[in-house]
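The values are calculated or read from the model by the stated rules, or taken from the named source; none is laboratory data. All figures in this text were calculated on a predicted structure; none of them were measured in a lab. Virtual Cβ from ideal backbone geometry, glycine too; neighbours counted across all protein chains shown. In case anyone asks, the SASA skips ligands and DNA or RNA and just uses the protein heavy atoms, side chains included. Shrake-Rupley method; radii C 1.70, N 1.55, O 1.52, S 1.80 Å.
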Amino acid sequence: MRRLAARLCWGRNPLRRREDRLEGWLNAVLLLAFLLIGSTLAAHLSRSTYREQTRVVAWERQHRFEVWAMLLETPTPAAKARWKAPDGTPRVGRVIADPATSVAGTWVTVWVDENGAPASPPLRRSPVTSAAGVAIAAIILVAVGILLVWLPCRLLLNRFRLRAWQAEWLRVGPRWSRYR
């Protein structure tokens, strides 16, 4: 804890200057802001992302169906095929199949919508993974934002320190050096 306090400029060093105390307060305020804003923003964004992704997955489960289709011709890469829609009616249309492994008469799986028309397969997504990624991105963005506040403040405090050291050296230096 002492090392952390010293790193945050909160130690009991009698040589601390006003700029060092200001830097300590700046570090404490920015650390607290990071903890509060980062955790709140990450929790809110991850919760909303999880809900949205769960809603999308549920929609895809209700509106996308995997069915077996028999190819009526050799695919190049699309081929004419026959399948049954989710309601049981027979359908004929063009589907995409792998030309290297499929020939006429081969059964392939295709994705269809609730009307039986060919559709794109649902994306493989995990709501938990998406929510975690958004939370991590939010925390990183908050950290970058706080860093963009901290760096100029630190540079300004260093400039004040150097000016104070220079003024003190101009006052004390002639007593120590041979150049008077």
Residues of region 31-46 satisfying the condition of being among the aromatic types (F, W, Y) and surrounded by fewer than 17 Cβ atoms within 10 Å (Cβ to Cβ): none
Which pairs have Cβ atoms under 9 Å, sit 6 or more apart or on different chains, and link a residue in region 118-132 that is under 30 Å from P90 (Cβ atoms) to one that is part of a loop (DSSP other than H, G, I, E, B)? A119/R64; A119/D113; S120/R64; P121/R64; P122/R64
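Here is a yes/no grid of residues against (1) out of contact with any helix residue (DSSP H, G or I) (no Cβ under 6 Å at 6 or more places or on another chain); (2) open to solvent by 70 Å² or more (accessible area, probe 1.4 Å); (3) more than 30 Å from K80 (Cβ to Cβ):
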{"position": "A117", "(1), (2), (3)": "yes, no, no"}
{"position": "L123", "(1), (2), (3)": "yes, yes, no"}
{"position": "V128", "(1), (2), (3)": "yes, yes, yes"}
{"position": "V134", "(1), (2), (3)": "no, no, yes"}
{"position": "A143", "(1), (2), (3)": "yes, no, yes"}
{"position": "W150", "(1), (2), (3)": "no, no, yes"}
{"position": "R161", "(1), (2), (3)": "no, no, yes"}
{"position": "W165", "(1), (2), (3)": "yes, yes, yes"}
{"position": "W169", "(1), (2), (3)": "yes, yes, yes"}
Considering only region 78-104, how many residues are in contact (Cβ under 8 Å) with a residue 24 or more places away in the chain and open to solvent by 40 Å² or more (accessible area, probe 1.4 Å)? 9
Odd one out for M70, checked against (1) hydrophobic (A, V, I, L, M, F, W, C); (2) out of contact with any strand residue (DSSP E or B) (no Cβ under 8 Å at 6 or more places or on another chain); (3) in contact (Cβ under 8 Å) with a residue 24 or more places away in the chain: (2)
In the set A28, A58, which member is without any contact (Cβ under 8 Å) to a residue 12 or more places away in the chain and open to solvent by less than 90 Å² (accessible area, probe 1.4 Å)? A58
